[in-house]
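The values are calculated or read from the model by the stated rules, or taken from the named source; none is laboratory data. Here the structure is a predicted model, which is why all the values come from computation and not from measurement. Ideal geometry is used to build each Cβ from the backbone, glycine not excepted, and the neighbour counts take in all protein chains shown.
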Amino acid sequence: MQRPTTLTLSVGLTLLAGVGCGSTGESATPLAVCEAPGYHSDGEPVRIDRVKVSVRLPSGEAVADLQVQVCGLDACVPYTTDPSGVLNAAPQTSMLRPALKYGDGFDFAELAAPLGSETRQDLGELVALPLPTLAEGAEFPKSGSLTNGDLTLQLAANGSFEHDILTYREDEWVFRSVAIPVADSAQALPESFGFERAYGVAPLGTTFCPPAKLSLKNTDNWPPGTEVEVFVQGLDVSEEWAPYGTWLLVAEARVSSDGRSIDTTSGGIPILSSIALRRK
């Protein structure tokens, strides 16, 4: 399968030696200081007059009142699905790099389905993935690991993390994850990327410095030693940590010798956003 050219985080991420926060200056542990790479997207605006889509749960039930946004880098129009789970939106505006974002990052995983150049688009059927409840999530430690579902994040002892405090309340600062059915989510996970596993997470926008290591259960029984690539999706139009509406290669991983887990070997997760993996 021919894969599209992918962007890598390594060209833009800067790690600097910082001053530690220990009680004494000489024994303080140095902190990593990270700068957002920042991305710039070129291209001409695309006129979007109408977008139609129906949204269902994995069980097949329609999802009413789901938050959906038609967003480009320069404009964003919010909507909700109707009682039958259908969106028939009429933005009637031009946008740079338009995408349909569905899910809210609270009750449902958020994904972005890039929109093409046609003025009227029917995306067919999307699957909305309910996130675990807050009570089922994992509280963030100052360092060490936190696990939810198949995913474990390892936070560096000399690192830091920062939540999006404008979006999430303090009681919502818990790690949650849900598996995304790749075959049923082609609009957001284009077949050309060759993704085999994907996950929605919350709280979106949490950044890690240095990037958090990732470990996940090898539920598909990939052979020990299999090399894996890890991506995050850009869901923020500010494009500070990932290009909007597409996928960014952020880490390399490998299946453990006992075949039980897939663990990052270089790079890591710089920001909590939708995650996808493929074998090299």
Open item on the list: For the structure I just gave you, tell me whether Glu196 is under 12 Å from Arg278 (Cα atoms), in the same structural domain as Thr264 (by TED's automatic domain parsing), out of contact with any helix residue (DSSP H, G or I) (no Cβ under 8 Å at 6 or more places or on another chain) and not hydroxyl-bearing (Ser, Thr, Tyr).
Closed with: no
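Would you mind stating whether Thr226 is modelled with pLDDT of 95 or more and surrounded by fewer than 19 Cβ atoms within 10 Å (Cβ to Cβ)? Spell out the reasoning first.
Numbers: modelled with pLDDT of 95 or more: yes; surrounded by fewer than 19 Cβ atoms within 10 Å (Cβ to Cβ): yes.
Criteria met by Thr226.
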Open item on the list: What pairs come out if I take residues in the range 34-58 that are closer than 23 Å to Glu240 by Cβ and pair them with residues that are surrounded by 15 or more Cβ atoms within 10 Å (Cβ to Cβ) and polar (S, T, N, Q) whose C-beta lies under 6 Å away, six or more apart or interchain?
Closed with: Pro45/Ser94
Task: Considering residues of the range 241-280 that are over 12 Å from Ala112 (Cβ atoms), surrounded by fewer than 23 Cβ atoms within 10 Å (Cβ to Cβ) and β-branched (Val, Ile, Thr) only, the residue farthest from the chain's Cα centre (by Cα) - done: Val255
Open item on the list: Return the residues of the range 198-240 that are more than 19 Å from Ala156 (Cβ to Cβ), more than 16 Å from the chain's Cα centre (by Cα) and of a type outside the set (Ser, Thr, Tyr); say none if nothing qualifies.
Closed with: Lys217, Asn218, Asp220, Asn221, Trp222, Pro223, Pro224, Gly225, Glu227, Val228
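If you check Phe175 against the conditions, is it under 28 Å from Ser59 (Cβ atoms), hydrophobic (A, V, I, L, M, F, W, C) and out of contact with any Asp or Glu (no Cβ under 9 Å at 6 or more places or on another chain)? Reasoning before the result, please.
Working: under 28 Å from Ser59 (Cβ atoms): yes; hydrophobic (A, V, I, L, M, F, W, C): yes; out of contact with any Asp or Glu (no Cβ under 9 Å at 6 or more places or on another chain): no.
In short, no.
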